[in-house]
Amino acid sequence: LPMKIANQTYKTTPPEHMERFYTDFEYFENAPNPHFDGMIVTGAPVEHLPFENVRYWTQLCHIMSWAEAHVRSTLYICWGAQAALHYYYGLEKVLLPKKLFGLYTHKVLNRKEPLVRGFDDYFVAPHSRHTAIPREDIAACEDLKIMAESEEAGVFLCMAEGGKKIFVMGHPEYDRITLQKEYERDKAKGLPIDLPKNYFPDDDDSRRPALQWRAHANTLYTNWLNYYVYQLTPYIWEDDK
């Protein structure tokens, strides 16, 4: 069930769509049995702002605190991952010299973890962001385990507490033309934007991009659901007995 933060203005989605298909967080918080198997926190185009300056930061912190006791496993994506790493572990994002934009190759680490079961040694995934959490800061945090990283794009996937918290720095959920649409949007606005790296065949933006990451994206979400949500979720939560 899609969740939204109440009384917020959503610039990229019509208000009537949000009201029809999304439910305020308070509904979940006040549910008679407020325990949930899994939750996904997505990104937001607010990278240029310090976390504490984001208008809904206090509400988001409340949701992340609530998830500790009420959600079996939470998947944080892109800015959502950076925000969670900052909230839980005090890690700070840094501004990149230019936008990290395109498809990047990643190496799988800690292969025995079910989260990366079925992954090839190397895989590609989309990134589209202006900031990053430095790899050395993530590695220095004893609670975090790095699961996949890229020489160019940094950490892609890490986890904590045996998979109760999973952090994805890129966008495995992107479809074939998402990067293309972002590129064309920024070009139309006259913004400084490079071609998405390793995306268009022969760097020719008139050609159809090849879909190169769908299998690993599906495997990631399937592993999360199978091994960290449903297999770890009891039929009855402890305080419901």
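Just wondering, is there one or more residues in the stretch 52-72 that are under 25 Å from L220 (Cα atoms) and β-branched (V, I, T)? Yes, some residue in the stretch 52-72 is under 25 Å from L220 (Cα atoms) and β-branched (V, I, T). Hey, can you tell me all the residues within the stretch 9-22 that are over 13 Å from A44 (Cα atoms) and surrounded by 11 or more Cβ atoms within 10 Å (Cβ to Cβ)? Correct list: M18, E19, F21, Y22. Of all residues in the stretch 67-77, at least one satisfies being closer than 30 Å to A139 by Cα and exposed (fewer than 15 other Cβ atoms within 10 Å of the Cβ). Would you confirm, using the coordinates I've provided, whether I63 is over 21 Å from S128 (Cα atoms) and in contact (Cβ under 8 Å) with a residue 12 or more places away in the chain? Judged against the criteria, I63 is a match. The residues of the stretch 38-64 that are open to solvent by 60 Å² or more (accessible area, probe 1.4 Å), not hydrophobic (A, V, I, L, M, F, W, C) and not in a loop (DSSP other than H, G, I, E, B), listed by number, are E52, N53, T58, Q59, H62. For T105, are the conditions met, namely being part of a loop (DSSP other than H, G, I, E, B) and among the hydroxyl-bearing types (S, T, Y)? The answer is no for T105.
Looking at this structure, is L96 more than 20 Å from L225 (Cβ to Cβ), touching a Lys or Arg at 6+ places or on another chain (Cβ under 8 Å) and at pLDDT 90 or above? Against the criterion (more than 20 Å from L225 (Cβ to Cβ), touching a Lys or Arg at 6+ places or on another chain (Cβ under 8 Å) and at pLDDT 90 or above), L96 qualifies.
The values are calculated or read from the model by the stated rules, or taken from the named source; none is laboratory data. Model, not experiment: these values are computed from the prediction. When we count neighbours, we look across all protein chains shown, and the Cβ atoms used for this are built from the backbone with ideal geometry, even at glycine. Keep in mind that these areas ignore ligands, DNA and RNA; they rest on the heavy atoms of the full protein, side chains included. Shrake-Rupley method; radii C 1.70, N 1.55, O 1.52, S 1.80 Å.
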